[in-house]
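Contents: one structure, followed by commentary.
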Amino acid sequence: MARTHEVTNQVPLPYGHNTAEDPALLAALRRAGADWVEPELRELGALAGSEQAAEWGRLANENEPVLHTHDRFGNRIDEVEFHPAWHELMGVAVGHGMHAAPWQDPRPGAHTARAAKFYLWGQVEAGHSCPISMTYASVPALRATPELAQWLEPLLASTQYDFGLREPHGKRGLIAGMSMTEKQGGSDVRANTTTAVPAADGTYRLTGHKWFTSAPMSDVFLTLAQAPGGLSCFLLPRVLPDGSRNALYVQRLKDKLGNRSNASAELEYDGAVGWLVGEEGRGVPTIIEMVNMTRLDCTLGAASGMRLGALRAVQHATHRRAFGAALIDQPLMRNVLADLVVESEAATTVALRLAEATDRAVAGEEGEALFKRLGLAVSKYWVCKRGPAHAAEALECLGGNGYVEESGMPRLYREAPLVSIWEGSGNVAALDALRAMARSPQSLDAYFAEVDAAAGADRRLDASVAELRKQLGDLADVEYRTRRLVESMALALQGSLLVRHGDPAVADAFCASRLAGDHGGAFGTLPSGVDTEAILSRAQMVPNRA
């Protein structure tokens, strides 16, 4: 074959770097007193930035889960088969305690350390983060029934990944799933029709159909059903204590836009055995403990995707030349790249602050619990809403190369909308912030205590906070304009954190563009005068030193 050309001006593969070399992440760990995790984080970051880990992510997504409803003899088995790469990803996540391990870790900052690992490892592959997140979030809900927590929590916190359909007592570790929504109600779980009938042995028999069940291969599920006392929360294992299979039947797997490595299913309960969690009629308050934790992980997941997108865009622009110069040296491209980095660091900083608030709330600090209640609601809405636009812009920085599957950017783009939908899409998340302020006015005080800690440090931030107070003082048609209000709250919180703790160049660019109104809406519209060199230096792929 004749040689027609030489390959030049192509970008090196984005591997061989350490994802833990993340200035915003490391600074947040130190502020939270969780810097003891840095050695483990750097070990994990080396793996996360490796070609091997990237290959696991590719294979898990290109070889999607397969449902086997029956065995060769016609027996119902309801098994979901995964590619071995999925199990490699899960094994690393569980082995590093990204699931329920912090609930049994007495060290200060355990939840922040876990959040940092979750954020790093999510940059490899996001789909498997779903069962990891639900396992983490299941513990606060289970603690509503101490005997269930005593039985299951040590297994949910175990760092042994033990996949397979066996009785929970006989396993080295467990994974938890969540099964709430039904086809007639969606987010309106009070419209659920699944029934739970008390049995003589103290358990319940559940009958109904669940429209979305996350991670149907999990060992146990938390679910909602209508008991005699009203909508209630239940624990359902796939295998009962006597070794028999519970009456949970997987009807089909969902064919989703993204999140292809992870199985989501429709599940049928046909007299399935369940244990009551909490009190009858208290299903929503009980399971909301789980939802709040998964909302934290939605925010972390969005921040993780933004960091990956910013790193990939900067790496491409550093090595790619066009019109006689490196892309990164072209003024307009520098503006776009710097803007992506600013958004990424704002997301990372607020997500890790909320993880720190979780640590402190678990330790009994009431003010931190109040701050987390409202701060998480506004951040879940805004950070997750920014993810898809960020992924699209990062993809575009690679041009046609970014539109090709081999670049990994299409997968990032498809994945980005999920966290904005999961655990309450935009309107649900925004209205949750209103609900928090109405039911707990002290949460608004706690929010402003956090934001006001930066008072006087930046005039643009001060003006933004003053305008926010004005918006909150006028409750006319407040539900109609909830999105604008919650967006303003999220931006003020991010701005305050960056002004106090962030890199000065990043904080200045954020306040100039997001708070002062000098932003065109699209990425790449930062005003003149921001220090793009300092900003871009924070998104360089640092090679592994091992």
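Sparse packing (at most 16 other Cβ atoms within 10 Å of the Cβ) combined with a DSSP loop state is found for the following trypsin sites (Lys or Arg not before Pro) in the range 475-546: ARG481, ARG545. Two numbers describe the Cα atoms of the range 285-340: Rg and Dmax, which are 17.9, 61 Å. Cα convex hull, the range 342-491: 127 Å³ per residue, rounded to a whole number.
Helices in the chain, meaning DSSP H runs of at least 4 residues, each add -39500 (n - 2.57). Divided by all residues, the mean residue ellipticity at 222 nm is -16000 deg cm²/dmol. Rg over Rh for the chain works out to 0.98, using Cα positions for both radii and the Kirkwood form for Rh. Relative intensity of the range 23-281 on a log10 scale, I(q)/I(0) at q = 0.12 Å⁻¹, equals -0.73, per a Debye sum over C-alpha point scatterers of equal strength in the absence of solvent. For the chain, the antiparallel share of DSSP beta bridges with both residues in that region comes to about 90%. Our summary gives the range 1-135 a relative contact order of 26 percent, counting only alpha carbon pairs under 8 angstrom and 6 or more residues apart.
Shape descriptor for the range 430-546: Rg over Rh equals 1.05 (Cα atoms; Rh from the Kirkwood inverse mean 1/r). For the range 285-539, the Kirkwood estimate of hydrodynamic radius, built from reciprocal distances between every pair of different alpha carbons, is 18.6 Å. The convex hull defined by the C-alpha atoms of the range 174-289 has an orientation-averaged projected area of 7.3 nm². Contact order, relative form, for the range 282-383: 33 percent (alpha carbon pairs under 8 Å, 6 or more residues apart, mean separation divided by residue count). A Förster distance of 51 Å, applied to the separation of the beta-carbon atoms of ARG245 and ALA522, puts the FRET efficiency at 0.45.
In the range 100-248, the ratio of gyration radius to Kirkwood radius, Rg to Rh, stands at 0.97 when only Cα atoms are counted. Checking the Cα-Cα distances for LYS210/LYS254; LYS183/LYS256; LYS117/LYS385 against a 20 Å cut-off, the pairs over it are LYS117/LYS385. When you count the other C-beta atoms within 10 angstrom of each residue and take the mean per peptide, 5-18, 454-467, 40-53 line up highest first as 40-53, 454-467, 5-18. Using the Cβ-Cβ distance between GLU365 and ARG3 with R0 = 51 Å, the FRET efficiency computed as 1/(1 + (r/R0)^6) comes to roughly 0.15.
Note: relative contact order over the chain, using C-alpha pairs below 8 Å and six or more positions apart, is 14 percent.
Every read-out reported here was derived from the displayed coordinates using simple, explicitly stated rules and does not represent laboratory data. No experiment lies behind these values; they were computed from the predicted model shown. Methodologically, a virtual Cβ is constructed for each residue, glycine included, from the backbone with ideal geometry; neighbour enumeration extends over all protein chains shown.
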